[in-house]
1. Long-range amide H contacts for residue 106: which residues qualify at under 5 Å (H placed 1.01 Å from N, peptide plane, sequence gap of 5 or more or a different chain)?
2. Under a point spin-label approximation (7 Å from Cα along Cα-to-Cβ), what is the residue 244-residue 191 distance to one decimal in nm?
3. Say each of residue 136 and residue 10 gets a label point 7 Å from the Cα, pointing the same way as Cα to Cβ; how far apart are those two points in nm?
4. Can you compute log10 of I(q)/I(0) for the chain with the Debye formula, treating each Cα as one identical point scatterer, at q = 0.10, 0.11 Å⁻¹?
5. What trypsin sites (Lys or Arg not before Pro) does region 9-100 have in DSSP loop regions with at most 13 other beta carbons within 10 Å?
6. Which residues make up the longest stretch of the chain clear of GluC sites (Glu not before Pro) that lie in a DSSP loop with no more than 15 other Cβ atoms within 10 Å, not counting the sites?
7. What per residue convex hull volume, in Å³, comes out for region 139-211 when only alpha-carbon positions are used?
8. Mind giving me the FRET efficiency for residue 19 and residue 147? R0 is 35 Å, r the Cβ-Cβ distance, nearest 0.05 is fine.
Amino acid sequence: MATDNKRITTKEQWNNVYSALYEKLPITPTDKSWIGYQIYTELIKYFEKDSTKKFIEAGCAPGEYGIFFAKLFEHEIFGFDYSPEGLALTKSNWELSNIKGNIIEADIFDLPDYYQNNFDVVFSAGFIEHFRDPQEIIDIFHSLLKKDGLIVTIIPNTYSCLNMTLKKIFSTDNYLKIKDTHIPIDFETLLQYHCRFDILCAKRIVGFFPDSIFSSRNILSKMMSRILNKALIIPARLNRVLQYNYLSSNFMIIGKKAA
């Protein structure tokens, strides 16, 4: 495709990622982990129940955010992905969660014209950093939103943070994989990408240890991962005090489409 040079990942890579997630279904929203607590408690501040609203997620697999907006806010749910495995995974996840949604096989650069100015919420989590020009992706999201629509952008902090330092020391292969598949975006640059929006929320999500170090299936790894996730709820609740780029594992922006 002509758009392949705009990406730093491939469809085959995503198919491999998603095919490995079937055994984890259903994958549903939870605020029991350190990252979930921070994301979901922030979202409920800016969204409310409204069945007339349309939500769309870019790179929607595995679909847990669609489940969240469907169940909590009763929005009409759309999700698009260009990975067949990702779409099948999302479909299965939504069916297991009794969610009716619209799953579309589409490329971000080739969306139907009737999607323009059509959505109340455009959501992406771990998406824009896989493109050579993230600003171009944010501009596409802007075009999908209705007047006063809201954008939610969540990205991993791969710029300069404790998580990446620990990955480099303890999980070199994972560190190199991230470096190869992510454009590093600092917090200030992410804000600049959203300059056409009125910023409602600009949040650094606290994280102190990379899950990938304890991601294997052995009992010790499972125990350590569980202990860390539970323990990190405490510092997550202190997020306003610990708003430092180096301690942040993710960045989150919520913006309103300016008139």
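Rule-based calculations on the coordinates, nothing more; no lab input. Quantities reported herein were computed from a predicted structural model and do not represent experimental measurements. Methodologically, a virtual Cβ is constructed for each residue, glycine included, from the backbone with ideal geometry; neighbour enumeration extends over all protein chains shown.
1. It is 81, 82, by chain and number.
2. 1.9 nm
3. 2.0 nm
4. Rounded to two decimals, the profile gives -0.48, -0.59.
5. Values: sites: 11, 24, 32, 45, 49, 53, 54, 71, 91, 100; in loops: 32, 49, 53, 100.
Here the trypsin sites (Lys or Arg not before Pro) that fit, given the DSSP loop and packing criteria, are 32, 49, 100.
6. Numbers: sites that count: 48, 74.
Answer from the scan: 75-259.
7. On the way: hull volume 7.4 nm³, N = 73.
Measuring per residue, one finds 101 Å³ for the Cα hull of region 139-211.
8. Values: r = 40 Å, r/R0 = 1.13.
That gives a FRET efficiency of 0.35.
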